[in-house]
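Worksheet: one structure, shown below.
The values are calculated or read from the model by the stated rules, or taken from the named source; none is laboratory data. Just so it is clear, the structure is predicted and the values come from calculations on it, not from any experiment. Cβ placement follows ideal geometry from the backbone for every residue including glycine, while neighbour counts extend to all protein chains displayed.
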Amino acid sequence: MESSRNWGAKRRHCQKDDLEDRISNLPDALLCYILSLIPTIWAVRTTVLAKRWNTLWTYVDNFDFEYSMHQCTTPSQDFIKFGETVLRNSNASSIQRFRLSCFWVHEISKLYVWVCTAIVRNVREFDLSIRTKSPIQLPKDLFTCETLVSLKLSSTYFLRIPEIVRFSSLKILRICHWKCLVDDPITSIIAGSPVLEELCLEGVVFKNLQRLCVRCFTLKRLTIWSLNPKPLKENLVHDVVIDAPGLEYLKIKDCNSNGLELKQLPVITYANIHFIGFDHGVFEFLSKVSNVKHLLLFPKAGMCVVPVPKVLPMLHNLTHLEVQIIDNWEFIFCILECSPSLQVLTCEKAMRCSVNRHRGHPASICEWHPPVDVPKCLSSCLTRIEIRINGCDKEMKLVKYLLKNAVALRRMVIGHSTNFVKKWESRILKELLRFRRGSVKCEVEFQS
């Protein structure tokens, strides 16, 4: 009986502990940090929890405002009134991060007051995304803000940049979906950013630019990504010049460019290049990035069949390679010969052979000849191959060669390319079972 009473007492004690509000016992500084991780509207709504929470949100130094007609049921006037109330009652002496994302807000001029408030309070990270039907004129003080470390600007219309740009502390700059009214704003922005380390231009359209020049000795990461493959007017086409000797990360796919001039990049470790409009050769590019470790190459038609130089640029540090093949498989072996330390290879045939023949390409589009000497990486360190094929006989000979000569191979994944011939699948599986493997530890996976 006594043990039963003791068990009941323990149970009531546990229930009391479960009802205890442990969150409210946390210090204010920690609670403010938690509130800084959620959208501002949710941080303000915590005032209904208890009296202690009534003013807690006013000390949060992160602001995250978002308005979308598809997601928000309140009119834009209510959204603006809410933001004004929050900023007016905020007790934060400085702002760590300010994010504003709004679509089709009619009283766009009132949002500029929010921007000015962030500038006055020494904002460090500023993220602005606005969709309007008229050009956007941001406060000039934003472009001379000395405390800014990160700046992200996104717009669906023209964005005006003032003549004077001075970012003494800016390290990260991202500009997305922006139509530029100035011929060359990037040069002035870079010139006014002496410590810039990361630059991202995504979906940016320049009106009359002839030459996009990215010359920055402090830059470590560069992304130029255009997602508009449609034919553009003649005055929208430009050349790209990259002169950044400290660059470690490069990602470029610019449909609006017709030439790429690349200076030597001695410390680069990652490169993702789509040669869509560029006329300059792949091997010339490889000679500029000889220390790269992770390389993704997507050449345009005709680039892989250019004459191979007598002396290939060596990529001694390259360990991961991803290549999309458009013309022929010979290009793969040229890269393998350049990469004695390669560990992971991913490649895909982008077009079907019969389609290429009808488009005027050589009939021997899938022809390839085994090299005289087995590439060093195959005989020493290549441990994983992922290859996506159409399924023709010549491609199966390629797979056979790789399986036979890759003595360190642990796994080969064979998948379908976009032009895979389904009726060949059973034949491919039977052939794979008969192929000799140079590595006893190799596993072959066929993704149907």
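Here are a few things to note about the model shown:
- Within the range 385-398, the residues that satisfy the criterion of being crowded, with 20+ Cβ neighbours inside 10 Å and part of a helix (DSSP H, G or I) are Glu395, Leu398.
- Odd one out for Asp18 among (1) surrounded by 10 or more Cβ atoms within 10 Å (Cβ to Cβ); (2) over 28 Å from Val149 (Cα atoms); (3) at pLDDT below 80: (1)
- Residue selection: Pro307 fails the criterion of being in a loop (DSSP other than H, G, I, E, B), out of contact with any Leu (no Cβ under 6 Å at 6 or more places or on another chain), exposed (fewer than 14 other Cβ atoms within 10 Å of the Cβ) and modelled with pLDDT of 75 or more.
- Condition broken by Val105, with the remaining ones in (1) over 26 Å from Leu142 (Cα atoms); (2) in contact with a Ser or Thr (Cβ under 6 Å, 6 or more places away or on another chain); (3) at pLDDT below 70 satisfied: (1)
- Candidates in the range 51-102 are the residues that are aliphatic (A, V, I, L, M), assigned to a helix (DSSP H, G or I) and closer than 23 Å to Ser154 by Cα; of these, the one that is modelled with the lowest pLDDT is Ile80.
Yes/no per residue for (1) over 20 Å from Pro340 (Cβ atoms); (2) out of contact with any Lys or Arg (no Cβ under 9 Å at 6 or more places or on another chain):
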| site | (1), (2) |
| --- | --- |
| Glu367 | yes, no |
| Val372 | no, yes |
| Arg384 | no, no |
| Lys394 | yes, yes |
| Phe420 | yes, no |
| Ile428 | yes, yes |
| Arg436 | yes, no |
| Val440 | yes, yes |
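- Odd one out for Cys200 among (1) within 21 Å of the chain's Cα centre (by Cα); (2) buried (at least 21 other Cβ atoms within 10 Å of the Cβ); (3) of a type in the set (A, V, I, L, M, F, W, C): (2)
- If only residues of the range 421-436 that are of a type outside the set (Lys, Arg) and under 25 Å from Leu378 (Cβ atoms) are counted, the one that is surrounded by the fewest Cβ atoms within 10 Å (Cβ to Cβ) is Leu433.
- Residue, farthest from Thr187 (Cα to Cα), within the range 118-137, restricted to residues that are of a type in the set (A, V, I, L, M, F, W, C) and in contact with a Phe, Trp or Tyr (Cβ under 7 Å, 6 or more places away or on another chain): Ala118
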